[in-house]
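As structure tokens, the structure follows; a few thoughts come after it.
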Amino acid sequence: MRRIPIFSRLSSAELESLRQKLRVRDVRKNSLFMREDTEGNEMFFIASGRVRIYRSGDRGKEFTLAFLDEGDFFGEIALLTGSRRTANVLALSRSVVWELSREDFIEHTRRFSGLPIFLAQSLANRLRLASGNLADIALLDVPHRIVRALQKIARPHAASGELYIPKRPTHREIAEMIGTSREVVSRCLKVFEQKGIVREDGHSLYLAAEKLV
């Protein structure tokens with residue numbers, strides 16, 4: 001459980017209390033695990049796998065809010081507010097998630113404060129990132145939005161230190177992250193490759209940080 005960042009700083013007693021409350025769920029690849037605007041009173045922690053969080057618009061258009069991996073969590077808004085789900089969750093691979101109900105969460109908070117505090121901090125960080133994403137869409141042109149989106153999901157390579165994305169998103173996924181079309185993303189990435197800004201290596205995508213605008 002300590003591989004989950006939000007659990008990593010909890011006391012042993014609080015962690016054991018949560019362990020007794022969490023329900024293990026096995027989610028099939030490509031299954032729609034959660035639908036927006038439906039009732040829900042649980043949140044979920046990803047023990048393994050990868051999911052896509054997105055909203056659906058008119059005429060079937062979709063907008064990707066985030067890709068979440070092992071250690072991330074989702075569903076917290078409905079758990080905390082009692083409101084309907086605000087997004088869809090699609091499993092991109094077979095995933096194992098730990099479910100925490102609102103009833104168990106409330107009972108847990110009567111004895112421990114660690115999880116609520118760290119959850120509030122994580123939510124504040126997500127709000128900050130969401131505000132930045134909205135500003136990017138409003139203020140940046142498409143090439144700059146693509147670069148910014150790639151930077152946000154990239155990490156330093158352990159051996160070389162290069163910025164890279166281990167599982168590169170598809171052109172459609174990038175388009176849905178920044179609110180444009182797949183064709184536009186494809187054209188921009190082709191130009192980026194020609195300029196040496198990005199390069200593909202197997203399933204990974206490498207970014208030349210010194211060339212990013």
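The values are calculated or read from the model by the stated rules, or taken from the named source; none is laboratory data. Computed from a predicted model, the values in this text were never measured in an experiment. Neighbour counts run over all protein chains shown; Cβ positions are idealised from the backbone, glycine included. Only protein heavy atoms, including side chains, enter the accessible area calculation; ligands, DNA and RNA are left aside. Shrake-Rupley method; radii C 1.70, N 1.55, O 1.52, S 1.80 Å.
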TODO: Provide the packing ranking of 107-117, 170-180, i.e. peptides ordered by the mean count of other C-beta atoms within 10 Å per residue, highest first.
DONE: 170-180, 107-117
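Expressed as a rounded percentage, what relative contact order does the chain have, with Cα pairs under 8 Å and six or more residues apart?
Working: 345 pairs, mean separation 41.7, N = 213.
Reported relative contact order: 20 percent.
Please sort by residue number the trypsin sites (Lys or Arg not before Pro) in the stretch 35-77 whose DSSP state is loop and whose Cβ has at most 11 other Cβ atoms within 10 Å. Display every interim value, and only then the final one.
Working: sites: R35, R50, R52, R55, R59, K61; in loops: R35, K61.
Answer by residue number: K61.
Given a Förster distance of 30 angstrom, what is the FRET efficiency for H144 paired with D26, based on the Cβ-Cβ distance and rounded to 0.05? Walk me through the intermediate numbers first.
Numbers: r = 40 Å, r/R0 = 1.34.
FRET efficiency, H144 to D26: 0.15.
Counting every Cα pair in the stretch 1-81, what percent are over 20 Å apart?
Details: 1317 of 3240 pairs.
Distances greater than 20 Å cover 41 percent of the Cα pairs.
Within the chain, what is the number of lysine pairs with alpha carbons under 16 Å apart, leaving out pairs fewer than eight places apart on the same chain?
Working: K29/K167; K152/K167; K152/K211; K190/K211; K195/K211.
Within the chain, the lysine pair count is 5.
Kindly sort L32, L189 by accessible area of their heavy atoms, largest first, with the probe set to 1.4 Å. Could you put the intermediate results ahead of the total?
On the way: L32 60, L189 15 Å².
In descending accessible area the options line up as L32, L189.
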TODO: Just grab the label-to-label distance for V184 and F112, each label 7 Å out from Cα along the Cβ direction, in nm (one decimal).
DONE: 4.6
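Could you give the size of the charge dipole of the stretch 15-74 about its Cα centre, using +1 on the Cβ of each K and R and -1 on the Cβ of each D and E, expressed in debye and rounded to the nearest 20? Display every interim value, and only then the final one.
Values: 12 positive and 11 negative charges, 44 e Å.
Rounded to the nearest 20 debye, it is 220 debye.
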TODO: Compute the FRET efficiency between S56 and A159 as 1/(1 + (r/R0)^6), taking r as their Cβ-Cβ distance and R0 = 35 Å, and round to the nearest 0.05.
DONE: 0.30
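If you take the alpha carbon radius of gyration of the chain and divide it by 2.2 N^0.38 Å, what ratio comes out, to two decimals? Could the numbers behind the result be given before it?
On the way: Rg = 18.6 Å, N = 213, 2.2 N^0.38 = 16.9 Å.
Taking the Cα Rg and dividing by 2.2 N^0.38 Å, one obtains 1.10.
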